[in-house]
1. What total accessible surface area, summed over both chains, is buried at the interface between chains A and B, computed with a 1.4 Å probe and given in Å² to the nearest 100?
2. Scale the Cα Rg of the protein assembly as shown by the rule-of-thumb value 2.2 N^0.38 Å and send over the ratio, two decimals.
3. With each label point set 7 Å from Cα along the Cα-Cβ vector, what nm distance links A:GLU28 and A:LEU114?
4. In the range B:12-105, which trypsin sites (Lys or Arg not before Pro) fall in coil by DSSP and have 11 or fewer other Cβ atoms within 10 Å?
5. Which residues make up the longest stretch of chain B clear of GluC sites (Glu not before Pro) that lie in a DSSP loop with no more than 15 other Cβ atoms within 10 Å, not counting the sites?
6. Using only helices, what value at 222 nm comes out for chain B when you add -39,500 (n - 2.57) per DSSP H run of length 4 or more and divide by the total residues, to the nearest 500 deg cm²/dmol?
7. So how long is each side of chain B along the principal axes, counting just the alpha-carbon atoms, biggest first, in Å?
8. Rounded to the nearest 10 Å², what accessible area does A:THR122 show when all protein chains are kept and the probe is 1.4 Å?
Amino acid sequence: MKVLIIDDSSTMRRIHRNILLEAGCKDEDIIDAEDGEKALQLANSNNIGLFIVDWNMPHLNGLQFVKIIRSMEKYSLTPVVMITSEAAKYNVMEAITSGVTNYIVKPVKAEIFLEKISKYLT
Amino acid sequence: MKAMYINPFLNASMNLFKEYLNVSVTVSPPVLLKDPNELKEVSAIIGLAGDTVGAVVLTFSRETAIKMVSKFSGLSFMAITNEVIDGVGEMVNIIAGNAKKDLEDYRIEISLPGVITGNSYNINWPKGVPVISIPFQSEFGDFSVNVSMRDMKV
């Protein structure tokens, strides 16, 4: 199963990748993008089984990205985990109503992140 | 600027550095930043818009920035690299985003972070609003989180 990590921070992309590798994902099954626009190109040319997406990014933010993929038949039910610093309740509600499956507030310890995403990796 | 604006940023900073990064950190009482341009060599800035407008600046010495980002990313940096700059930007993003949890009476949008390095630069703080500096002492050196916000709610 391919996992697409979308975050404008190279630090966060690396941290997420390392956690996924620890969880048993193969390196070649983890792809990443630094904004929503590039992520859309990768989503179109791959079959993604799990999206891990940040909110605040240039060009196309995480929320806009989620709304677009939810309108695509092949990703209408694919798990989308949003991991973002946005901690206000109204942000969580907006994300969930836009199609986010699970919402995680950064910073999050690796073990808690893993616990939350492991059900989507099987 | 209302005093209630400061605690959310103090708490978010302590959560990031002490709870998440497990760095030994203490905080001193917030002070008015007398010269708003007197910041350290590596500063990460994030803008706030919506019911309040303003900015949050996390500022480190070069050495502290390198050590803090090394701890954050799990890599060992020896100089200010693009990765260190990215890491400092992500830290201010986390502080500003997390602070919103305790400012729920206000609808606030945060900008993408920017990072400035060097010995002489100016920050475009909101005009006519004081800048409050929260000074931290850590095992990696002193740093501060600086906040200036203007209430836009009528």
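1. Using a 1.4 Å probe on protein heavy atoms, the buried area is about 2000 Å².
2. Working: Rg = 18.7 Å, N = 276, 2.2 N^0.38 = 18.6 Å.
Rg over 2.2 N^0.38 Å, computed on Cα atoms: 1.00.
3. Here the modelled spin labels are 2.4 nm apart.
4. B:LYS34
5. My reading of the result: B:39-103 is the longest stretch.
6. It lands at -8000 deg cm²/dmol.
7. Extents along the principal axes: 49, 32, 28 Å.
8. The value for A:THR122 is about 150 Å².
The values are calculated or read from the model by the stated rules, or taken from the named source; none is laboratory data. On a predicted model such as this, the values are computed, not experimentally measured, just so you know. Note that we place each Cβ from the backbone using ideal geometry, even for glycine, and neighbour counts take in every protein chain shown. Protein only, heavy atoms only, side chains kept; ligands, DNA and RNA dropped before computing areas. Shrake-Rupley method; radii C 1.70, N 1.55, O 1.52, S 1.80 Å.
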